Amino acid sequence: MSEERNEKTEHKESELKDLVPQLEERFRVTIWNRLLMLARWLIFAALTGVILGLVGTAFGKGVELATKFRVAHSWILFGLPIAGLVIVWMYHWERKQERSSTNMVLDAIHAEREIPLKTAPLIFAATILTHLFGGSAGREGAALQLGGSIGNFLGKVLRIDENDRRVMIMCGMSAAFSALFGTPMAAAVFSMEVVSVGIMYYAALVPCVVASYTAYAVACRFGLTGERFSLGILPDFTLLSAGKILILGLCCAAVSILFCVALHKTEELFAEKFANAYLRAVVSGCLLIVLTLILGTTDYLGTGMQIVERAVVEGQAFWGAFLLKILFTAVTLSGGFKGGEIVPSFFVGATFGCIFGQLFHISPSLAAACGMAAVFCGVTNSPISSLLISLEMFGFEGAPFFFLAVAVSYMQSGYYGLYRSQKIMYSKVKTKFINRNAKE
C-alpha cells in the first residue's frame, strides 16, 4: 500500500516537474508574441501617422490658402455654381451621389464596403474647391475619408488580414483628424468611438494613439497647429451654475437633433426636386449666393471658425447665427459640395451656447465652449471624444461643466446622427442591446 502511495507521489512530482517548464515556455512565447505584435503596430501606426500627417498638412494648408483667397476676393462667390458642376463631374463615376462619403468609411470598418484609394484625391480637391468658392462646410469629412482610404491602401500594401485592415482604417482616420484639428487625444478615440455607439474598438487603441500623435507632430513641424481658446475667469461649479449648464446640455440635444434632421431632410428634398446632380449643384450654389447677398455678410460661408472664436473668446454672437449656419450647411452639402458637418456643428454649438449664456447670466464664453462640445456630441454620439476635444481646445479648468453638458446632450439627443452608417449598439438610457443605425 505504501509502495503504491510512493509511486503516485513520485508520478505527481514528475508531472509537476514537466509542467513548470511547459508553463515557462508558454509564458515566454506569449510575451514574445505580444512584444512582436506591439512592435508591428508601432511601425505600421507610425508609418500611417507620418504619411497622413504630411497629407493632412497639405490639405489643411490648402484649405487655409483657399479661405484667405476667398476672403480677399469676395467676387469668387459668384463662381460657386461652376465649382459645383466641376465637383459633380469629378464624382461622375459614382453610381450614387452621397452627401458625405464618411458613411463609406464607416461601412468599410463594418466590413460591408471597400474604400478605393481614388477617394483621397477626389475629396482633397473637391473640399478645397468648396472652401475656395464659399461653400459652408467643414474639413473633418475630408479628413476621415482621406485617412480611411489611405489607411485601407496601406493595409493592402502591407498585406495584413481583413481584421487588421479595419484597424489601419481607424489609424488613418485618427491621424488625419489629429493633423487637421490639432487634438490628438480626441482624434485617437474618435475613430474607435464613432463607428459603433456603445462599443469601443479597444484593439485599435495603441495603433490609433501612435498614429494620432505621430501625425500631430508632423503637422506641428510644418506649422499646422490646432485651435486653442482661453475662456477667461470661470464661475465656480455650484448647484446653480451646474443647473444652468444642465439646461444648456438639454437645449443642445434639441439643437443637435434639429441639425441632423435639417441636413438629412434637405438632402432628400434636393434629390427629389432636382434629380439631375448637375442641376442640383447649380441650384445649391445660386441659393447660397442669394442668401449671402440678402444677409449682407459672409460669416456663414466656409468653416466660420472666426465666428466660433468670437463667441468663445469675446462672448459675442448673433442670436440667429446657429440657425443660419444650419441652413447654409444643409444647402451646401445637399447640392453635392464636399466637406464635413463637424466644424459647422462647432459653429452651431458655440453660437447657440453664447446666446444661452447671455440669457441665463452665466459666462457666455464658458457656455459657448459647453455648447460646442454638447452639439458635437449630439450629432456624432461620441461623448468621450467630445469631452476630450473640449479639454484640448479650452483647457481642463472647465472640465466639470464640459462633462455635464456632454453627458446630458448624449442622453437626450436620442438616436439621431450625422452618419446613417453609424451603428447604435446599446440603448442610451438602459443596459439594453438594440443594434440599429442612427436616425436620419
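The values are calculated or read from the model by the stated rules, or taken from the named source; none is laboratory data. From a predicted model like this one, the values you see are computed outputs, not experimental measurements. In this analysis, Cβ positions are derived from the backbone assuming ideal geometry, glycine residues included, and neighbour counts consider all displayed protein chains. Surface areas here come from the heavy atoms of the whole protein model, side chains and all, with no ligands, DNA or RNA. Shrake-Rupley method; radii C 1.70, N 1.55, O 1.52, S 1.80 Å.
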### Summary
Within the set Ile160, Ile362, Ile384, GNM on the chain using Cα springs under 10 Å gives the largest fluctuation to Ile160
### Query
Quick one: with all protein chains in place, what share of the accessible area of the chain is carbon or sulfur, to the nearest percent (1.4 Å probe)?
64 percent
### Query
If you rank Arg420, Arg310 by how much accessible surface each has, with a 1.4 Å probe, what is the order from largest down?
Arg310, Arg420
### Message
Taking the Cα centre as origin and putting +1 on Lys and Arg beta-carbons and -1 on Asp and Glu beta-carbons, what dipole magnitude results for the chain, to the nearest 20 debye?
### Response
1000 debye
### Candidate residues Asp236, Asp299, Asp161: accessible-area rank, largest first, probe 1.4 Å
Asp236, Asp161, Asp299
### Query
Averaged per residue, what accessible surface does the chain expose to a 1.4 Å probe, in Å²?
44 Å²
### Query
Under a GNM of the chain (C-alpha, springs under 10 Å), which listed residue has the highest mean-square fluctuation: Thr67, Thr225, Thr297?
Thr297
### Task
Using a 1.4 Å probe and counting only protein heavy atoms, arrange Lys61, Lys118, Lys68, Lys244 so the residue with the most accessible area comes first.
Lys68, Lys118, Lys61, Lys244
### Message
Mean-square fluctuation check for the chain, GNM, Cα pairs under 10 Å: which of Gly353, Gly417, Gly232 is largest?
### Response
Gly232
### Task
Kindly report, to the nearest 10 Å², the accessible surface of Tyr426 as traced by a 1.4 Å probe over protein heavy atoms only.
90 Å²
#### Entry: At R0 = 56 Å, FRET efficiency that the Cβ-Cβ distance of Leu205 and Ile294 yields, to 0.05
0.70
### Residue-span extension gain [Met411 to Thr30] - 0.36 nm each, minus C-alpha spacing
133.0 nm
